[in-house]
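The values are calculated or read from the model by the stated rules, or taken from the named source; none is laboratory data. For clarity, every value in this text was computed on a predicted model and none was experimentally measured. Counting neighbours? That spans all protein chains shown, and the Cβs are built from the backbone with ideal geometry, glycine included.
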Amino acid sequence: MTDREQGNIAVFDAGSAKVRALVGEIVDGAIRYRGHSVVDARGMRRSIIADLEPATGSFDDVFQSVEEAADTEVASAAAGIGGSRVRGVTSRGGILLGNRLREITRDDVRAAVERAREVHLPPEYRVLHLLPQDFIVDDQDGILDPVGMIGGTLEVNLHIVMAPASTMQNVVTCANKAGVEIFDTIFEAIASAEAVLTADERELGVCVLDIGAASTEVAVLFEGAVVHTDSLPIGGAHFTNDLAVVLRVPLPEAERLKLQYGHTIVTAIPQSNEIYVQAPDAGNGQYRPVPQRHLSEILEPRARELFQMLRNSLRQGGVLEAMGSGCVLTGAGAKLPGMAEHVENMLRTPARIGTPVPLSRMPEELVDPEYATLIGLLLYTHRVRQQRATEDLGVGAKLRAIFAGSI
């Protein structure tokens, strides 16, 4: 049987360093872990596919592995989309309902959303998400459910997430070549938010930072809605590269040093601490002593650069003051010590490391920031499917389901 026939959901996340896949099964309306796989990424560069053939090989490997782990055939999957060229913009548009006041219908809502999405986008971009924030009926704003109300005008504040068409199409192409159909594409920061945020954080305002290998995806939520999205061109691999260049060591050695001894705050490391680093151009077993603080002196400037970019993005998006609950850092790069402290110092707001909510039967190893996007993709897809399939949900929830997926 295929995954769809058995009521399973498959998702995957293709990053610059790893390609991950996850299958969940629906039991009594709830999603339960069934199996996952992780393989090294090939043909990827800066979170995008740079070479189709090796990338397709990685996709094929991860799907075959997850089929074995989950004991099911994967015929279709939802895909995470990231990279430093993903952008978000908020638009407002609406319609006149006629000469007389009348009841607002779902078709009116669709028409208002279509009017709001009529903004100029770069020709190479494609809409990834249409996310209504709230509706305005006759100048009364803050409405989540306008259907059935009486009015003469209907407007909507709409957040549009967009990505280069080539980025999205190459993911679809590689998956198709690996024998898997893509039924949805989801911005990675929105998926991560699904896995790591509490209801209070969503309502009071929060910034999610998904720090991957080549980029950092950003999503700000306020009063339950997405109000800002962006992607920053710095990720965990940049910290590793800095160590490799300055210390003149191979990338695997730089990654080891970062994971074992790295810290992004110089003063957090005692001056007397000393570590051993592989000597330049030396064979195995030849190491030289280096003060551990020297690693922090290399890593701290890169952390400052990343969070200065974040502050500029939030300021330009007009949401710097909308984060009543602070920031939640997730992704593999969030595990580098000192990152949350930098956010707190630079943005003057609380910050924490976000781990994904555990699924039923999920291995403990997945309760890790590194897997937040993957688990969030599964939770997001399951939630949207439930909203679309349930007839007795409130109209406001159904509207979010209608417009949350790819367009």
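What to note about this one:
- Complete set of residues in the stretch 138-153 that are out of contact with any Leu (no Cβ under 6 Å at 6 or more places or on another chain) and either among the hydrophobic types (A, V, I, L, M, F, W, C) or within 24 Å of residue 380 (Cβ to Cβ) (or both): 143, 144, 145, 147, 149
- Leading residue by the ranking (nearest to the chain's Cα centre (by Cα)) among those in the stretch 199-218 that are touching a residue at least 12 places away in the same chain (Cβ under 8 Å) and farther than 13 Å from residue 82 by Cβ: 207
- Test: residue in the stretch 125-143 that is crowded, with 17+ Cβ neighbours inside 10 Å and part of a loop (DSSP other than H, G, I, E, B): no
- Residue within the stretch 68-77 that is touching a residue at least 24 places away in the same chain (Cβ under 8 Å), assigned to a strand (DSSP E or B) and surrounded by 24 or more Cβ atoms within 10 Å (Cβ to Cβ) present: yes
- Conditions (1) out of contact with any Gly (no Cβ under 6 Å at 6 or more places or on another chain); (2) at pLDDT below 95: number failed by residue 144: (1)
- Yes/no for residue 193 being at pLDDT 95 or above and over 23 Å from residue 19 (Cα atoms): no
- So residue 154, is it assigned to a strand (DSSP E or B), buried (at least 21 other Cβ atoms within 10 Å of the Cβ), touching a residue at least 12 places away in the same chain (Cβ under 8 Å) and under 27 Å from the mean Cα position of the chain (by Cα): no
- Scanning the stretch 52-65 for residues being within 24 Å of residue 210 (Cβ to Cβ) and not hydrophobic (A, V, I, L, M, F, W, C) gives a total of 3.
- Looking only at the stretch 43-76, and only at residues there that are at pLDDT 95 or above and in contact with a helix residue (DSSP H, G or I) (Cβ under 7 Å, 6 or more places away or on another chain), the one that is farthest from residue 166 (Cα to Cα): 73
- Applying the set (1) out of contact with any strand residue (DSSP E or B) (no Cβ under 8 Å at 6 or more places or on another chain); (2) assigned to a strand (DSSP E or B) to residue 60 leaves exactly one unmet item: (2).
- Residue 361 vs. criteria farther than 29 Å from residue 215 by Cα and at pLDDT 95 or above: yes
- Among the residues making up the stretch 354-389, those that are β-branched (Val, Ile, Thr) and either closer than 18 Å to residue 8 by Cα or buried (at least 17 other Cβ atoms within 10 Å of the Cβ) (or both) are 355, 373, 375, 381, 384.
- All conditions in (1) closer than 16 Å to residue 334 by Cα; (2) surrounded by 13 or more Cβ atoms within 10 Å (Cβ to Cβ) hold for residue 260, with the sole exception of (2).
- Of residues in the stretch 259-281 being small (Gly, Ala, Ser) and in contact with a Pro (Cβ under 9 Å, 6 or more places away or on another chain), the one farthest from residue 292 (Cα to Cα): 268
- Identity of the residue in the stretch 358-374, in a helix (DSSP H, G or I) and over 17 Å from the mean Cα position of the chain (by Cα), that ends up farthest from residue 217 (Cα to Cα): 364
- Number of the exception - residue 266 against (1) buried (at least 16 other Cβ atoms within 10 Å of the Cβ); (2) under 30 Å from residue 160 (Cα atoms); (3) out of contact with any strand residue (DSSP E or B) (no Cβ under 7 Å at 6 or more places or on another chain): (2)
- Residue check, residue 89 within 14 Å of residue 161 (Cβ to Cβ) and either assigned by TED's automatic domain parsing to the domain that holds residue 148 or surrounded by fewer than 23 Cβ atoms within 10 Å (Cβ to Cβ) (or both): yes
- Residue match in the stretch 292-303 (condition: closer than 21 Å to residue 15 by Cβ, touching an Asp or Glu at 6+ places or on another chain (Cβ under 9 Å) and of a type in the set (Lys, Arg)): yes
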